[in-house]
Amino acid sequence: MLAAAGIISIFITGTAFAGDHKEGREYIEKNGYDGPKTCEVCHEGTAKTFLDTVHWKHASKVDNVENLDQSKEYGMKNRIYTMCNGNDIVNNLKEIPKSPETGKTKFSGCNTCHPGNHLFDVGSSGAEAQQAIDCLVCHSSSYDFRERKPFKNEKGEVVLGQDRSKKAALGIGKPTVKNCMVCHEAAGGGVYVKRGFAFKKDTDVHAAKGMVCVDCHKASNHRIPTGYDPNNWANDGIRLSCDDASCHGAKPHKDADLNRHTARIACQTCHIPRTGGAVAKDFTAWEKGADKFYEPSTLKREANENAPIYAWYNRTVRNVPDFIGPKGSRGDRESKIYAFKVFQGKAFFDKKTGNLLAMDFAPPMATGDTLAGVASAAKTMGIKDYEPVPGWQTIYFGSNHLVTKTKALSCTNCHAPNGLLNFKDLGYTEKEISKLISPELYLKKLIEKQKEDW
């Protein structure tokens, strides 16, 4: 694989290679970059362990979502829900049929963000899969994302390109915001569609401080800590929360009154007053674009454009065919009030079972024939007896980014008579509500603050 002398040289300086990569860059300058083989000179065994992470498998065991088989793994590999209405199984990277109008085709597929080369794809294993890992797509600040496009090789196989140039390899380091957001910002069918946030200094206080994604989502052996988004099922078994002791803790404010709120109100509720992204999609009616290909009808919003909805959440998820969202209540002491982005998607359900049907995007993308897409997906999944009927599914997405300090909610935002929180829906009595919306709670405090501000 490498000259013995080179191996010895790099292992001697392995600590630096793993840290600032100075010796690693010198080695790459001299010998070029040969994918994970080069990385593993110092990071031995990393490729094999990476194959067992969510970023490679797109699935994991899930212990906080109802109506799932606890012995199976779930994620974008096999989930069906109306933000995507498909998964890596039915919408694997492929060349779609030619447009009847133009005679042109294109490549499409949900797993274009997978850090492999598609020949060794989601959930694949073995030595060849290890060498197919695109280390630099996450770890290079000089990565040319134009190289990461599908093409057909000499065998007619669809391959997802990679930038394995010396220039990209010399830009090695911890992931930048761009490395993360090139996939996470554009998920769900376009920029800001699924998550609806941009991690920029003018939209998030963490970005304004110069932080990057992995400062909070700090990986351990490529296992990424994640929060408790009701829609984000697959996880690496490491959870992350604003009130962790390593972040803001249970008492993040100087004001004792505000700290009392943290027992039943999540940090996000006050500090993420806006959300964004698509609010609705219709997979039963696709629209023709300028390129003569079709896309599902989508009602889009910019980052920071939507108002969230508020609900009790105990970090367990209600999961039924027409609803995916938070479980919790005022009487449940594990529950807090959280902010959510609400999305509604229309797709085809099976009248016989009530379950949501998947859709293969290739047929409708070319012709607009949505039922042909359902039939193709059913064939792939081995479903022979079904009756498609249109219906809606509501999904609550966790609102965890676009954090603000200066524009955080204040007392009057929630406790005024026309406040943001619907106390009745949240389980409070009329007598309790009359107290909760009384200026008696906050007038003196805000008057003093008003004097300071003026």
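The values are calculated or read from the model by the stated rules, or taken from the named source; none is laboratory data. What you see is a predicted model; the values in this text were computed from it and never measured. Using ideal geometry, Cβ is built from the backbone for each residue, glycine included, and neighbour counts are taken over all protein chains shown. Keep in mind that these areas ignore ligands, DNA and RNA; they rest on the heavy atoms of the full protein, side chains included. Shrake-Rupley method; radii C 1.70, N 1.55, O 1.52, S 1.80 Å.
Sort the range 188-247 into rounded, prolate or oblate with this rule: let a ≥ b ≥ c be the square roots of the eigenvalues of the Cα gyration tensor; rounded if a/c is under 1.5, and if a/c is not under 1.5, prolate when a/b is larger than b/c, oblate otherwise. Intermediate results must be reported in sequence, preceding the final value.
On the way: a/c = 1.82, a/b = 1.11, b/c = 1.64.
Verdict is oblate for the range 188-247.
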- Between residue 322 and residue 436, how many nm apart are label points set 7 Å from Cα along the C-beta direction? 2.7 nm
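Want the number for residue 290 to residue 264: 0.36 nm per residue separation, take away the alpha-carbon distance, what's left? Intermediate values should be presented prior to the final figure.
Working: separation 26, 0.36 × 26 = 9.36 nm, distance 4.90 nm.
Contour length minus the Cα-Cα distance gives 4.5 nm.
At a 1.4 Å probe, what is the % contribution of carbon and sulfur to the accessible area of the chain?
Roughly 53 percent of what the probe reaches on the chain is carbon or sulfur.
Can you give me the accessible area per residue for the range 95-190, using a 1.4 Å probe, in Å²? Intermediate results must be reported in sequence, preceding the final value.
Numbers: 4800 Å² over 96 residues.
Here the residues of the range 95-190 average 50 Å² of exposed surface.
Just the C-alpha atoms of the range 56-189: what Rg/Rh do they give, with Rh taken as the Kirkwood radius? Before the final figure, lay out each step's value.
On the way: Rg = 16.4 Å, Rh = 16.5 Å.
With Rh from the inverse mean 1/r over Cα pairs, Rg/Rh is 1.00.
Determine the alpha carbon to alpha carbon distance for each of 336/405; 48/200; 48/149 and list only those over 22 Å. Intermediate results must be reported in sequence, preceding the final value.
Details: 336/405 20 Å; 48/200 34 Å; 48/149 25 Å.
Checking Cα-Cα distances, 48/200; 48/149 exceed 22 Å.
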- Message: Give me the dipole magnitude in Debye, nearest 20, for the chain about the Cα centre, with unit charges on the beta carbon: positive for Lys and Arg, negative for Asp and Glu.
- Response: 740 debye
- Plugging the Cβ-Cβ distance of residue 241 and residue 68 into 1/(1 + (r/R0)^6) at R0 = 22 Å yields, to the nearest 0.05, a FRET efficiency of 0.50
- If you average the sequence gap of Cα pairs under 8 Å that are 6 or more apart and divide by the length of the range 343-411, what percent do you get for the contact order? 41 percent
- Note on the structure: Log10 I(q)/I(0) at q = 0.11, 0.12 Å⁻¹ for the chain, from Debye over equal alpha-carbon scatterers, is -0.98, -1.13
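Could you report the range 332-382's accessible area per residue, 1.4 Å probe, as an integer in Å²? Before the final figure, lay out the partial values.
Working: 2040 Å² over 51 residues.
Solvent-accessible surface per residue comes out at 40 Å².
Is the shape of the range 170-286 rounded, prolate or oblate, going by the alpha carbon gyration tensor and its root eigenvalues a ≥ b ≥ c, with a/c under 1.5 for rounded and a/b larger than b/c for prolate? Write out the running numbers ahead of the final one.
Values: a/c = 1.72, a/b = 1.26, b/c = 1.37.
Since a/c reaches 1.5 but b/c is at least a/b, the shape of the range 170-286 is classed as oblate.
Tell me the mean residue ellipticity at 222 nm calculated for the chain from its helices only (DSSP H runs of n ≥ 4, each -39500 (n - 2.57), averaged over every residue, nearest 500). Each step should come with its number before you reach the end.
Working: 19 runs with 120 residues, N = 454.
Computed ellipticity for the chain at 222 nm equals -6000 deg cm²/dmol.
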- On each of the three principal axes of the Cα atoms of the range 115-173, give max minus min coordinate, whole Å, ordered largest first. 31, 23, 15
- Too-long pairs where the Cα-Cα distance tops 23 Å, listed order kept, from 178/201; 351/379; 254/407; 106/174: 106/174
- Expressed in nanometres to one decimal, the distance between label points 7 Å along Cα→Cβ at residue 219 and residue 178 is 1.8 nm
- Note on the structure: The long-range amide H neighbours of residue 118, using H built 1.01 Å from N in the peptide plane and a cut-off of under 5 Å, are 160
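If 34, 360 are ordered by their accessible area, calculated over protein heavy atoms with a 1.4 Å probe, which sequence runs from highest to lowest? Let's see the in-between values first.
Details: 34 80, 360 15 Å².
Accessible-area ranking of 34, 360, largest first: 34, 360.
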- Query: According to a simple spin-label model (label point 7 Å from Cα along Cα-to-Cβ), what is the distance in nm between residue 425 and residue 155?
  - Reply: 5.4 nm
